[in-house]
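This report refers to the structure that appears directly beneath it.
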Amino acid sequence: MRLLFLGPPGAGKGTQAKLVAEKFGLIHIAPGDIFRQEVRADTDLGRVVEGIMAEGRLVPDDITTQIIEKRIASPEAANGFVLDGFPRNIAQAGALTKLLEARNDRLNLVINLEVPEEELVGRSRTRRVCSGCGKPYNIKLEPPRIEGKCDVCGGALIAREDDQESTVRQRLKLYHEVTEPLFEYYNRDEIVVSINGCGDVDLIFERIVESLEKKGLSGKR
Ligand code: AMP
């Protein structure tokens, strides 16, 4: 099964994409997570993308597309994948279609997580990420068991630099301008479903699984 999550920054794509990947044995591919990992490890790529991300701009398409191509071709992706944060513009979507066609594949479903804009800005204020392993939290919606500490590795929870309100607004503007046109792109194949992204994590997950079942995808590998 090959799925794509679309939705504005802060809609909960990462949380839901990980849950879906786990349930169906798929690989979760999120360029934002990959880039943050590179920044934490202070690699050459990390140094290139750090400033771009802090300003809420997009990393160049060729860098991002190459990373995605490698993951999709990896043995871990044999059962399929959940893309989260890629493609983010029409050029990336075109590159994805091409690289899937070359493998005789295509996307099965595009899941649009819908959340009102003011809620997104509010959520970003309470969003944290583990400085050790990168696990995301929301101290209001999904708090860790021990305040300020990651449940998995015990690392300190920190706010993402790109979660400052001005950067969030910039990322939302970019989303409307360059990512939203993807709905028209994928609507041509009638593979977009919209899911209400408000409510608690389990409830949203249920809505997603239900819509996969309705499309006859839940048993599909
Ligand atoms: P995210 O975790 O998906 O919100 O992504 C965080 C940041 O990583 C974005 O604001 C961009 O700077 C960068 N990024 C993530 N995905 C992409 C992409 N598909 N194309 C370019 N830059 C990306």
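Site pair ARG103 and LYS140 shows an inter-label distance of 3.8 nm when each label is modelled 7 Å from Cα along Cα→Cβ.
Taking only C-alpha pairs under 8 Å that are 6+ residues apart, what is the relative contact order of the range 1-134 in percent?
Details: 150 pairs, mean separation 60.3, N = 134.
This gives 45 percent for the range 1-134.
Kindly provide log₁₀ I(q)/I(0) values, in the same order as q = 0.11, 0.13, 0.14 Å⁻¹, from the Debye equation applied to equal alpha-carbon scatterers of the chain. Listed by q, the Debye log ratios stand at -0.52, -0.75, -0.89. D by Stokes-Einstein for the range 83-155, Kirkwood Rh over Cα pairs, 20 °C, 1.002 mPa s: 140 µm²/s. Structure note, pairs LYS135/LYS173; LYS135/LYS215; LYS173/LYS214; LYS70/LYS98: Cα-Cα distances above 24 angstrom occur for LYS135/LYS173; LYS135/LYS215; LYS173/LYS214. Amide H contacts under 5 Å for ASN138: ARG128, restricted to partners 5 or more places along the chain or on a different chain, H placed in the peptide plane at 1.01 Å from N.
Less than 5 angstrom separates the built amide H of SER218 from those of GLU213, all sequence-distant by 5 or more or on a different chain.
Using 0.36 nm per residue and subtracting the Cα-Cα separation, the extra length available between GLU210 and SER131 on full extension is 25.1 nm.
Need one number: % antiparallel among DSSP beta bridges in the chain, to the nearest 5. Don't jump to the answer; show the numbers that get you there.
On the way: 7 of 23 bridges.
Of all bridge pairs located within the chain, approximately 30 percent are antiparallel.
Candidates ALA95, ILE29, GLY10 compared by Cα position along the dipole of the chain: farthest toward the positive end lies ILE29, with charges placed on Cβ.
Every number here is computed from the coordinates shown, using simple stated rules; none is lab data. Just so we're clear, the structure is a prediction, and the values are computed from it rather than from any experiment. Because the Cβ atoms are built from the backbone with ideal geometry, glycine has one as well, and the counts that use them run over all protein chains shown.
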